1. Would you mind checking 96/123; 75/123; 123/270; 75/175 for any pair whose Cα atoms are more than 24 angstrom apart?
2. Over the residues of segment 7-164, compute the C-alpha Rg and express it relative to 2.2 N^0.38 Å.
3. Rounded, prolate or oblate: pick one for segment 170-272, where a ≥ b ≥ c are the square roots of the eigenvalues of its C-alpha gyration tensor, a/c under 1.5 means rounded, and failing that, prolate if a/b is larger than b/c, else oblate.
4. State the Cα centre-to-centre distance between segment 175-190 and segment 109-130 in whole Å.
5. Only four residue types carry charge here, +1 at the Cβ of Lys and Arg and -1 at the Cβ of Asp and Glu. Report the dipole size of the chain about the Cα centre in Debye, rounded to the nearest 20.
6. If one computes the Cα centroid of segment 5-44 and of segment 211-264, what distance in Å separates the two points?
7. Can you give me the relative contact order of segment 227-289 as a percent, contacts being Cα pairs under 8 Å and 6 or more apart?
8. Please compute the contact order of the chain in relative form: average sequence separation of alpha-carbon pairs under 8 Å and at least six residues apart, divided by the residue count, as a percent.
Amino acid sequence: MPAHAPLTLSAPCKINLFLHIIGRRPDGYHLLQTLFQLLDFGDELSFLAVDASAQRVSLSCDNHLLLNDDNLILKAARLLQQHHPKVPGVHIHLRKRTPMGAGLGGGSSDAATALHGLNIFWKLGLSSSELAALGLALGADIPLFVHGHTAWAEGIGEHLTPLPHWDAPWLLVLKPPVHVSTATIFRTNELTRNTPPSTLHDFAAQRFRNDCEAVVCALYPAVAEALKWLRQSGHAFLTGTGACVVQPCVSATEAHQRLQQAPCAGFVAKARNRSRLLDEIQGLNAIQR
């Protein structure tokens with residue numbers, strides 16, 4: 001890759017096919033069981049060289065609300081710089097497509113792509129396991145996106161078992177006009193925190209739910225209405241702590257037809273068991289050999 005050429009990588013989002021809260025750690029973190037499935041939809045990050053002597057990471061975005069020091073992209077970059085302080089300056093542009101406060105992991109995916117992208121851009125040679133370990137310090141979902149596989153997850157979401165052959169349908173994803181705070185949901189007294197631990201075999205038998213659904217629907221009636229509308233025509237579920245609700249479809253055509261009739265905004269996506277980001281990195285490595 002020439003020094004002046006921008007590097008552009010995908011930051012795909014995810015859904016939770018279920019979410020059980022089975023306990024709580026002494027530090028307050030909730031212990032989970034979930035099945036993360038990646039989507040062929042998400043954000044995009046571009047990395048561009050700037051003054052090499054500046055040793056500074058700057059960020060731009062088509063959504064100005066994300067341009068602050070709490071952005072996980074900047075936090076990921078600074079974390080890498082703590083371990084590799086002599087890297088050259090870089091500018092990152094974020095093209096934001098994943099809705100915020102939606103339960104789709106957009107910020108965590110952006111951070112994971114930033115780690116991968118800067119690892120390539122700065123030629124650090126870090127493995128995915130090393131990047132995932134760094135990312136975990138910033139957020140429990142980040143290792144999922146670093147490793148880039150649909151996975152059964154436990155712990156606080158960081159213990160991952162890849163499921164490369166899981167079913168990958170077309171999905172209709174609706175985003176009611178609300179922003180759901182994960183912290184608010186996990187602080188709510190009414191949240192179920194004692195679901196018995198399960199197995200993947202149990203999930204195949206459809207004995208699963210999202211423990212956050214009742215709380216989210218009570219606090220955000222628009223989510224309840226969108227879920228009710230989807231369930232008139234079949235199975236539908238809340239992803240993560242919300243606000244997005246999801247319905248599997250037999251085809252892209254069916255999903256788009258349903259979206260045209262939907263009571264709120266949304267998008268159609270294909271589920272994937274391997275992240276598009278991994279394919280892009282593999283392609284870059286092949287070119288550089």
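Quick note: the coordinates plus some simple rules give every number you see, no bench work behind them. Being a predicted model, the structure only gives us computed values, none of them experimental. FYI the Cβ positions are ideal-geometry reconstructions off the backbone, even for glycines, and counts take in every protein chain you see.
1. On the way: 96/123 26 Å; 75/123 19 Å; 123/270 32 Å; 75/175 27 Å.
From 96/123; 75/123; 123/270; 75/175, over 24 Å: 96/123; 123/270; 75/175.
2. Details: Rg = 15.6 Å, N = 158, 2.2 N^0.38 = 15.1 Å.
Cα Rg divided by the expected 2.2 N^0.38 Å: 1.03.
3. Since a/c reaches 1.5 but b/c is at least a/b, the shape of segment 170-272 is classed as oblate.
4. 30 Å
5. Details: 24 positive and 22 negative charges, 17 e Å.
The dipole magnitude comes to about 80 debye.
6. So the separation of the two Cα centres works out to 18 Å.
7. On the way: 33 pairs, mean separation 11.8, N = 63.
Averaging sequence separation for qualifying contacts and normalising by length gives 19 percent for segment 227-289.
8. Values: 615 pairs, mean separation 71.6, N = 289.
Relative contact order for the chain comes out at 25 percent.
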